[in-house]
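Read through the structure below, which is laid out as structure tokens, and then see the notes.
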Amino acid sequence: MPKIKKKGQAGAAKNYITRTQAVKKLQLSLPDFRKLCIWKGIYPREPRNKKKVSKSATASTTFYYTKDIQYLLHEPLLQKFRDQKVLEKKISRALGRGDVSDAARFERHAARPEATGKPRYTLNHVIRERYPTFNDALRDLDDCLSMLFLFANLPSTSAVPAKMIARCERLCLEFQHYLIVSHSLRKSFLSIKGIYYQANIQGEDILWLVPYKFNQRIVGDVDFRIMGTFVEFYMTLLGFVNYRLYSSIGLKYPPKFDQLKDENGAELGAFSLEGVNMATQGETKAVTNGEEQQQGPDPKVQAEVDKIIKQLKEDESKSDETAEEDAEADDEEKPTDSIDKFEPVAPGGDVLPQPAYSSSDPSQLFANFTFYLSRETPRQPLEFILRAFGCKRIGWDSVLGEGAFTNDESDPSITHHIIDRPVVQAATNEDGDGEDNQTAQKVGPNQRYPGRIYVQPQWVWDCVNDEELKSPELYAPGAALPPHLSPFVKAAPGQYDPTLPLEAQQTEAEAIEADLEDAEKGNAEDGSDVENDMDVDEAEDDEEEEEGDEEDAEEAEEEDAEEDEEESKTLQRQLELEAELQGKKVQNTKVDSKTKAKLEQRKALEKKAREEAEDLERAKGMLSKKKRKLFEQMQYTNNKKSAQDEKLRAKRRKLEKEKAQKA
Amino acid sequence: MGPKATEKKRKVQDAEPESDDEIAPDFDGALSQSEDEFDSDFDDNEHEQDGEQESGSEASDDEDEEGSLLSDDIPSDAEGDKAMGKLVLEDEEEELEIEIPGVDPKRPEKDDGDKNYRIEKDANGNERYVYDEIDPVYDSDDSDAQEAPNTIGNIPMSFYDSYPHIGYDINGKKIMRPATGDALDALLDSIEVPKGWTGLTDIHTGNPLNLNDDELELVRRVQMGMIPNELENPYPETVEYFTGIEEKMPLSAAPEPKRRFLPSKNEAKKIMKLVRAIREGRILPYKPPEEREKEEEEEEQYFDIWQDEVPQEVNPLHIPAPKLPPPGFDMSYNPPAEYLPTKEEREEWEKLDPEEREKEYLPQKYDSLRKVPGYGEIVKERFERCMDLYLAPRVRKNRLNIDPNSLLPKLPSPSELKPFPTVAQTVFRGHDGRVRSVAIDPTGVAVASGGDDGTVRVWELLTGRQVWSVKLSSEEAVNTVRWRPAKDSFILSAAVGEDVYLMVPTHASVTPALDQASRDILSAGFGYATNGQQHGAAPGKEPPAKWARPGAKLEDEGVLIRITVRSTVKVINWHRKGDHFATVSPSGQRSSVAIHTLSKHLTQIPFRKLSGLAQTASFHPLRPLFFVATQRTIRCYDLQKLELVKVVQPGAKWISSFDIHPGGDNLIVGSYDKRLLWHDLDLSIRPYKTMRFHSEAVRQVKYHRGGLPLFADASDDGTLQIFHGKVPNDQLENPTIVPVKVLKGHKVVNKLGVLDMDWHPREPWCVSAGADGTIRLWM
């Protein structure tokens, strides 16, 4: 006789464990368990069959793998949590006794990450466990960066201590410095939520969101304890990542931090990077803030500096970014990591796409320019993005904080002026801008320095995303900006792409429809004889009836199309009736041969569509129930997508028409 | 007292040489005394030993420890000694100590400032610090321990009369005899009697014994025989503190343990441990708070944590958190205009609950960057992401990234499946009321139909012209009409109520020879019929059917035989050879199924008992099998062996009709619960395919008999559905079933649509009978 198997002793029932059971097994409180799960990256699982898993009558919602929980049992942090619990007990006991000084003493010696921003324990081993290799850590950096950049911009409250914010800010700035030095920022996007950045570090694409510099409204039920737990982990992670990144390009970590400059709002400028050895020091300094020391627009010094920069740039372009140790031995034989260009020797071969980074370096996009940020522009993102794409000299108004290349708007070395204010039309007299006295120099409202390019901030982003300098006329102050497009959307076949002309992407039916509408409109304007049209109408009506007879189960889209058709027809009829009532000659469309052809085309298309729908219906009938469901689901999403695209196209068509009418 | 004291003294003296050695270093440390100062050492020692003796301790092996413990007391010891010396040496006014117990000798206050030593010269001329005697304040409750200043004991004082002293004090010093006053003094004394003067002399000290008032009172009370202390009442009233009942046994008779009186050694050890730990720095006192603050501000130490990184295999169970999708065009601060919502879309979005919104934001356009406000929901969105990261169960879902059309089966295109009927070619009108049944004759030229009006009509198939008609009944409807399948005759059978009529209609295609042949076939059985009936029917029992001539009027029309069975016949099905046919009357209980033999005019009831109501019955096209459908099942009987072969279970609630494929291995079943089921009889008793394409009950199903792979069903929703159903010759292959056409045209009347249909024997044509009173030919 085979062994009788008991229920709940093997299989799914053993593999899964509910949250309550897990908490009990670990002998932790729920918040501690939560912390542990967050840090160790343990997340619930969805069992295939909940009924088989849960032993209780009530439906449990959260299940973990038993193995995961067993793995947590060996966690050293567990002991820390227990110690903390003991301490809390001691404190409460002391307070119960009324022994306040004792309690205070206990508390002073407690590990209080919430209050101090720094825990007594370290998460180093957790980082190492969760990310066995550096690339694993980079892969998971999206959330980390978004979170830390958000916290760096939060106001300090009791839940979010100022120290934590300061540390987040510092880590973020350090990371930005790395991106600047290594030129690994790739793309950026101004969205309504904030600014998205994408960097490519060691082949990993990292995308994060930085909110705009406003006081963040904290709405509703946001539990900052949970967020704090995440931030704690992320801070440690980013610290180690920064260390690794800095040391990978031969910089010392942490970089020198100037408290005074930071208090004056220097942000990125408060750090000064140092090389690990002396040979690299000069170079890295030049990259970060070497230029900013000199304030005056001394042309001689400027020229010299320019020369040095040019030289440095040449050096950089010759040598690889990371291979800075052998900067002195710049032979032409030196092997580089950069991709070689493959030129076809003989004609006839296929052309393979190759990354173009070797030919024109986008990281030096702004290298030769001097920017001046006017005071209404967002300094921090502009400074970061300009520096990351090679700009070395950025000046700004003194109200924007310290660390500028120059605060003097009239500096002759400035080549680009980023401005974001409307063009003042009237008021040519100087009295008008009396309140505009915050700037060092008073400039007339429309006054421009000659020889300078004035652009709106979007110019910088569009240049960066397209990896080329866009024409500044489109972005002149006061001009209507071209749309700012997301660089992260990859064009998929059949999907709507706003950069392409409408004709290239609309379907045949849509095109015919649009043409017909145009024709009808055009005809409605110039009147013509009646009978012809009536005939056509009748014919169409007949056809429609037939259709109604023949088909009941039709696709939704098709019905839509028909409705549209019907609508236009009823409109026409309405027009006719009105005309009759007024006793006028019926103003109506002369159906010229072209329109007729179009109509026929449409008819043919409709017929084809109908046939296809019928075929589809037949084929669907032969599928098994399961497969039919799947098929319908897939079709649902596809239809939804195409419907959205269609909507967009329709909108655009309308807009274009309006524009054409205006013109 | 005396002997005790001497004994003590002797002991002390014995111990003198070695105790000095032992103890000296200890005291050296504590008091920085030199060896010369023997006296004080000695004194101390003595006191100590006294103490030991008194507390009953035995040996002095742990003397050093105790010495260290007691060393604190030494200065006061010296004081006491000095006081004692004073007492001995000087003043008269001091009263004697012994006299009243409990009264402490007053200690004279020190007048030599705060110094407790004096400087002397020792033998070598060096300076020597001489400390005062130490008074071991001995606080004992023992009143007996009051020391007598004179230690000579209980001997007559007369022994000392010849000496200048009168005894020895506790330190072994002589107690000098007080000077006896001279005569003048005595006189003065006698005149000026001091207070409390008694005129007596203290025998021990030799001083005049003075008594104060209290003492005098005491003496007086003793003399009077009164209670010595007036405050003390020797017989007070009893106060019962607890209870009057006397306890038999005391609560605890155990004597107080000794440890109560001793300092705990264990505690001392613990304290020493702590002291040692503090000295060695193992226990640190708490740091001052400033230091701690500084420590907190210290930077976290970072290092290259991935120095020796080893790539690990990805755990297949681990599901990394999905990344957030990148922002699309519509999230731009300055999107293309077509992404902006219209007014209606905006209103719709605002009307929805925040949870139900497809996107959490509305695209918006700002004409310059400075106008972009902060995004209010960003903290919340981040928080939700955090919640998702740690609380959302992760499931790996395999997204089928394929074209959905690839899922569809490769159906042969309808053109390949042709021919099949597509359009209504002819509509046969003429029946009054519903047409219940329709059938095409085996040659394929005529259509017979029967309806609610009680007539049976025969039509020209292609033209729709009515060629023959007979009214069988004025009250009852013609339930079914069927042709005899053999081509050598032109015989139509029709069921009206309980009667089944066999007739030979006239038709253009019917030659007189054929007509005659048909009539012969019908009338051939009359001879048998009488015999058979007499044979088959037991006397008194009603025969299963009566075969008779219907009467002259009908016979003129061509109706030749009437068979009357017990209950209303709904179904007639002929055997392929045309000699037998089966009728089914569902209400007929036991006799619901009857098999009639035409050549013998014989009717048999094959089943004595049927489980369930018989719905329809049919002969197998090739083998001697007979199928009977009850409501739920189809039973297959072997007619030769007379046994049940198999029970087919379509799983339908109520079977309406079924048909057997001409090949004999497949079966289609229509049911009133809207299903059409294909059975492969070799495969299983369960359906191979279930088709649910009708919205109403399926009334009739039919295979094409002429070699085309077609079958069709008629339904109450007014449609016929034509299927391509190819049964392969290879047994291993499954039949392919493809729906090809829906034929719409019949109108639904009183929820009844198409009631019957039949295929043309050769062509891909079919006719259908509708509740709307029409018959349609589809081709």
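Look at B:349, B:759 and count the other Cβ atoms within 10 Å of each Cβ; fewest to most, that gives B:349, B:759. Look at the stretch A:206-218: the mean tally of other chain Cβ atoms within 10 Å of its residues' Cβ atoms is 4. Close amide H pairs (under 5 Å, H built 1.01 Å from N) link residue B:646 with B:636, residues at least 5 positions away or on another chain. Within the shell defined by Cβ-Cβ distances under 11 Å, the residues around residue A:479 carry a net charge of -2, with Lys and Arg each +1 and Asp and Glu each -1. The gain in end-to-end length when the residue B:604 to residue B:731 segment is fully stretched comes to 42.1 nm, 0.36 nm per residue minus the alpha carbon separation. Pairs exceeding 25 Å between alpha-carbon atoms, taken from A:55/A:626; A:640/B:359; A:40/A:85; A:163/B:380; A:608/A:657: A:55/A:626; A:608/A:657.
Among the listed pairs A:603/B:741; B:609/B:641; B:609/B:751, those with a Cα-Cα distance over 25 Å are B:609/B:751. The string of couplings for the range B:372-381 from the Karplus curve (6.51, -1.76, 1.60, θ = phi - 60°) is 6, x, x, 8, x, 8, 5, 5, 5, 5 Hz, one whole number per residue in order, with x for Gly and Pro. For the range A:362-377, putting each phi into the Karplus relation 6.51 cos²θ - 1.76 cosθ + 1.60 with θ = phi - 60° gives couplings of x, 6, 10, 4, 9, 4, 8, 9, 10, 9, 10, 9, 6, 6, 8, 8 Hz, in residue order, rounded to whole numbers and with x for Gly and Pro.
Return the FRET efficiency for the residue pair residue A:128, residue B:425: r is the Cβ-Cβ distance, R0 is 60 Å, and the value is rounded to the nearest 0.05.
Details: r = 83 Å, r/R0 = 1.38.
In this case the efficiency is close to 0.15.
Could you please rank B:420, B:261, A:405, placing first whichever residue has the fewest other Cβ atoms within 10 Å of its Cβ? All intermediate terms of the calculation are to be shown ahead of the outcome.
Details: B:420 22, B:261 9, A:405 25.
Fewest-to-most Cβ neighbours within 10 Å comes out as B:261, B:420, A:405.
Each of B:507, A:177 has some number of other Cβ atoms within 10 Å of its Cβ, and from fewest to most they run B:507, A:177.
In a fully extended conformation the segment linking residue B:542 and residue B:695 would gain 50.7 nm over its present Cα-Cα distance, using 0.36 nm per residue. Under 5 Å from the amide H of residue B:756 lie the amide H atoms of B:769, each residue being 5 or more positions distant or on a separate chain, with H modelled from the backbone and absent for Pro and chain starts. Taking the Cβ of residue B:655 as the center, what net charge do the other residues with Cβ under 12 Å away carry, scoring Lys and Arg +1 and Asp and Glu -1? Net charge around residue B:655: +3. Shielding of peptide A:474-481 by partners, expressed as the average count of other chain Cβ atoms within 10 Å per residue Cβ, is 2.
Kindly rank A:635-644, A:262-271 from highest to lowest mean number of other beta carbons found within 10 Å of each residue. Write down the numbers at each step before the final one.
On the way: A:635-644: 13.0, A:262-271: 18.9.
Result, highest mean first: A:262-271, A:635-644.
All other residues with a Cβ under 12 Å from the Cβ of residue A:386 taken together, and with Lys, Arg as +1 and Asp, Glu as -1, what is their net charge?
On the way: positive: A:379, A:387, A:392, A:393; negative: A:383.
Net charge around residue A:386: +3.
Please state the charge dipole magnitude for the range A:12-109, taken about the Cα centre, from unit charges on C-beta atoms (+1 on K and R, -1 on D and E), reported in debye and rounded to the nearest 20.
In debye, rounded to 20, the range A:12-109 gives about 500.
For residue A:274, the residues whose modelled amide H falls within less than 5 Å of its own, excluding neighbours fewer than 5 places apart on the same chain, are A:252, A:256.
Taken residue by residue and averaged, Cβ atoms of other chains lying within 10 Å of the Cβ of A:192-204 number 3. Note that the range A:634-645 has calculated 3J(HN,Hα) couplings of 4, 5, 4, 5, 4, 4, 4, 4, 5, 5, 4, 4 Hz, one per residue in order, obtained from phi through the Karplus relation 6.51 cos²θ - 1.76 cosθ + 1.60 (θ = phi - 60°); glycine and proline are x.
Only the coordinates and a few stated rules stand behind these numbers; no lab work does. Treat the numbers as computed from the prediction; the structure is a model and nothing was measured. FYI the Cβ positions are ideal-geometry reconstructions off the backbone, even for glycines, and counts take in every protein chain you see.
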